[in-house]
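Let me begin by presenting the structure, written as structure tokens, before commenting on it.
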Ligand code: PM9
């Protein structure tokens, strides 16, 4: 057995349709070579994101029928709060409709113009929310993360020396909080070790600076700690999670990932002053603090999903599914970020398509090829997502050109992923035929969502 078989059976099915090559050729052109603009019904295997795309369990759906839709004090809120407190341990908890709303609240109360926010690597919405408050995001990941082929058990770690230096150069007065993203999505879904969490926490404490965890994929991170970090093999995942959050002062969470729901999030903090301000903003922007932009039934699904998301059999199967995809690609020589991450496999488009220059977005060109050839939707994590304009109008590109194949939770079977592996290998063998792209329209922030492109050559 390549990986643990699914620890569930299928009760409801959603048909997916296979389109023709000609249909996809037309659809991708009409979408301006941007897969965000494609109708989802034209996609056969949708690996755009693992966010909000989970299949909920019968237990979660049953909970949805127990929704208490009272405006204030819904019983589902109390279950939600109690479950979060039992895992994360923070004093104050407010729901938000998703992760970025929690980020907006946090940075609204914590940041002043010109402040710096260190993180291992900011996810794109986190980066955009820091910039929106006129802050400066600092990515302080360990150097190993910049070498896709390099194996490292905790390639998501922050470099403590870089964090220490940031405090010394800029001063604690300019750094209102330190963040750590677990797992580190932008570096390949790579985990952060408990030792690193401890080190980062100790530096933040030394400078009397709050330490906040971006907790979206904390359960997958805890599974890797149990699997790879000495001393944790015999501990339960709940114990590992409690220890991890005990070093922090709060967290932002997109429940759309490891809480196995289609919508939801929260902000949890120990600081009463910050939370009071965040609550006032929540009422203005999202809703009353016991529902925060969600229905009572959604809060119940999050509470139940958090319990299921820490199940060890489920996590062994999930991490194993991604690993098995990597093993297939590795046997065919396809370059990707190693080791495989918790939620996704990141193809190294820069190495696959060296003939396409950075200004012609090699990773986006690979995304287009995956859709056109096989009906697979992936996402670019390269120059289109993270390119920045210099003062002279030229583009500054991120270190890597990657394509993320994000695996939705409990949605696709191992045969679907075999189909994906075969398609990637076929495209890899014909890679010299792939054309680059040129931007014809871009927005000022988060341009990859709405960019329009055309093919060159
Ligand atoms: N992540 C993802 O696909 C969904 C949005 S972009 C298609 O990876 C981290 C580490 C994330 C994340 C979202 C958010 C924001 C914060 N931190 O999407 O607002 O990976 O719920 O969460 C996406 P929301």
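The values are calculated or read from the model by the stated rules, or taken from the named source; none is laboratory data. What you see is a predicted model; the values in this text were computed from it and never measured. Heads up, the Cβs are rebuilt from the backbone with ideal geometry, glycines too, and the neighbour counts pull from every protein chain shown.
Checking each residue in region 111-132 for being farther than 20 Å from residue 167 by Cβ and either away from the ligand (no atom under 12 Å from the Cβ) or in a strand (DSSP E or B) (or both) picks out 131, 132. In this entry, residue 305 is excluded by the filter for residues that are touching a helix residue (DSSP H, G or I) at 6+ places or on another chain (Cβ under 8 Å), outside any helix (DSSP H, G or I) and under 24 Å from residue 264 (Cβ atoms). Cβ-Cβ contacts under 6 Å between residues 6 or more apart (or on different chains), taken from a first residue in region 440-455 that is touching a residue at least 60 places away in the same chain (Cβ under 8 Å) and under 14 Å from residue 29 (Cα atoms) to a second residue that is within 13 Å of the ligand (Cβ to nearest atom) and in a loop (DSSP other than H, G, I, E, B), are listed as 451/34.
Quick one: would you say residue 189 is under 20 Å from residue 257 (Cα atoms) and in contact (Cβ under 8 Å) with a residue 12 or more places away in the chain? It would help to see each step written out before you state the result.
Working: under 20 Å from residue 257 (Cα atoms): yes; in contact (Cβ under 8 Å) with a residue 12 or more places away in the chain: yes.
The answer is yes for residue 189.
From the list 337, 261, which one is under 15 Å from residue 101 (Cβ atoms) and under 21 Å from the mean Cα position of the chain (by Cα)? When all the criteria are applied, what remains is 261. How about region 293-302: which of its residues are buried (at least 21 other Cβ atoms within 10 Å of the Cβ) and touching a helix residue (DSSP H, G or I) at 6+ places or on another chain (Cβ under 7 Å)? Hits for region 293-302 are 296, 299, 300, 301, 302.
Taken over region 307-337, the criterion of being farther than 23 Å from residue 5 by Cα and crowded, with 20+ Cβ neighbours inside 10 Å is satisfied by 334, 336, 337.
Can you tell me which residue within region 352-368, out of those that are farther than 10 Å from residue 404 by Cα and under 23 Å from the mean Cα position of the chain (by Cα), is surrounded by the most Cβ atoms within 10 Å (Cβ to Cβ)? So, considering only residues that are farther than 10 Å from residue 404 by Cα and under 23 Å from the mean Cα position of the chain (by Cα), the one surrounded by the most Cβ atoms within 10 Å (Cβ to Cβ) is 361. Considering only region 20-35, I want to know if a residue exists there that is touching a strand residue (DSSP E or B) at 6+ places or on another chain (Cβ under 7 Å) and either within 16 Å of the ligand (Cβ to nearest atom) or not in a loop (DSSP other than H, G, I, E, B) (or both). Scanning region 20-35, I find at least one residue that is touching a strand residue (DSSP E or B) at 6+ places or on another chain (Cβ under 7 Å) and either within 16 Å of the ligand (Cβ to nearest atom) or not in a loop (DSSP other than H, G, I, E, B) (or both), so the answer is yes.
Among the residues making up region 215-238, those that are over 21 Å from the mean Cα position of the chain (by Cα) and buried (at least 18 other Cβ atoms within 10 Å of the Cβ) are 229, 232. Selection of region 38-60 for residues being in contact with a helix residue (DSSP H, G or I) (Cβ under 8 Å, 6 or more places away or on another chain), more than 12 Å from the ligand (Cβ to nearest atom) and in contact (Cβ under 8 Å) with a residue 40 or more places away in the chain yields 38, 42, 43, 44, 45, 54, 56, 57, 59, 60.
Criterion first (touching a helix residue (DSSP H, G or I) at 6+ places or on another chain (Cβ under 9 Å), outside any helix (DSSP H, G or I) and surrounded by fewer than 16 Cβ atoms within 10 Å (Cβ to Cβ)) does residue 155 satisfy it?
no
One residue is enough: does region 378-391 have a residue meeting the conditions farther than 20 Å from residue 35 by Cβ, without any contact (Cβ under 8 Å) to a residue 40 or more places away in the chain and outside any loop (DSSP other than H, G, I, E, B)? Outline the logic, then answer.
Looking only at region 378-391, we keep the residues that are farther than 20 Å from residue 35 by Cβ, and these are 388-391.
So of that shortlist, the ones also without any contact (Cβ under 8 Å) to a residue 40 or more places away in the chain come out as 388-391.
Then drop every residue that is not outside any loop (DSSP other than H, G, I, E, B), which leaves 388-389.
Within region 378-391, one or more residues are farther than 20 Å from residue 35 by Cβ, without any contact (Cβ under 8 Å) to a residue 40 or more places away in the chain and outside any loop (DSSP other than H, G, I, E, B).
Of the conditions (1) surrounded by fewer than 21 Cβ atoms within 10 Å (Cβ to Cβ); (2) more than 16 Å from the ligand (Cβ to nearest atom), residue 241 satisfies every one except a single condition; which number is it? Failing condition for residue 241: (1).
Could you count how many residues in region 445-456 are part of a loop (DSSP other than H, G, I, E, B), more than 11 Å from residue 384 (Cα to Cα) and in contact with a strand residue (DSSP E or B) (Cβ under 9 Å, 6 or more places away or on another chain)?
As a first pass, look at region 445-456 and keep what is part of a loop (DSSP other than H, G, I, E, B): 445-446, 450-451, 456.
Then drop every residue that is not more than 11 Å from residue 384 (Cα to Cα), which leaves 445, 456.
Remaining after also requiring in contact with a strand residue (DSSP E or B) (Cβ under 9 Å, 6 or more places away or on another chain): 456.
The number of residues fulfilling the criteria is 1.
Just checking, how many residues over region 161-173 are over 15 Å from residue 121 (Cβ atoms) and either surrounded by 17 or more Cβ atoms within 10 Å (Cβ to Cβ) or without any contact (Cβ under 8 Å) to a residue 40 or more places away in the chain (or both)? Give the steps one after another, and end with the answer.
Quick first cut of region 161-173, residues over 15 Å from residue 121 (Cβ atoms) only: 161, 164-165, 167-173.
Remaining after also requiring either surrounded by 17 or more Cβ atoms within 10 Å (Cβ to Cβ) or without any contact (Cβ under 8 Å) to a residue 40 or more places away in the chain (or both): 161, 164-165, 167-169, 171-173.
Number of matching residues: 9.
Residue 63 - would you say it is more than 16 Å from the ligand (Cβ to nearest atom), assigned to a helix (DSSP H, G or I), over 23 Å from the mean Cα position of the chain (by Cα) and buried (at least 17 other Cβ atoms within 10 Å of the Cβ)? So residue 63 fits the description; yes.
Restricted to region 418-457, and to residues that are under 20 Å from the mean Cα position of the chain (by Cα) and under 30 Å from residue 56 (Cα atoms), which residue is surrounded by the most Cβ atoms within 10 Å (Cβ to Cβ)? Reasoning before the result, please.
Narrowing region 418-457 to residues under 20 Å from the mean Cα position of the chain (by Cα): 445-450.
Still in the running and under 30 Å from residue 56 (Cα atoms): 446, 448-450.
Working: 446: 15, 448: 22, 449: 12, 450: 13.
For region 418-457, the residue satisfying everything is 448.
Conditions (1) modelled with pLDDT of 95 or more; (2) within 16 Å of the ligand (Cβ to nearest atom), marked per residue:
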residue	(1), (2)
354	yes, no
357	yes, no
362	yes, no
376	yes, yes
392	no, no
423	yes, no
442	no, no
457	no, no
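Of all residues in region 82-110, those satisfying the criterion of being in a loop (DSSP other than H, G, I, E, B) and touching a strand residue (DSSP E or B) at 6+ places or on another chain (Cβ under 8 Å) are 90, 91, 97, 98.
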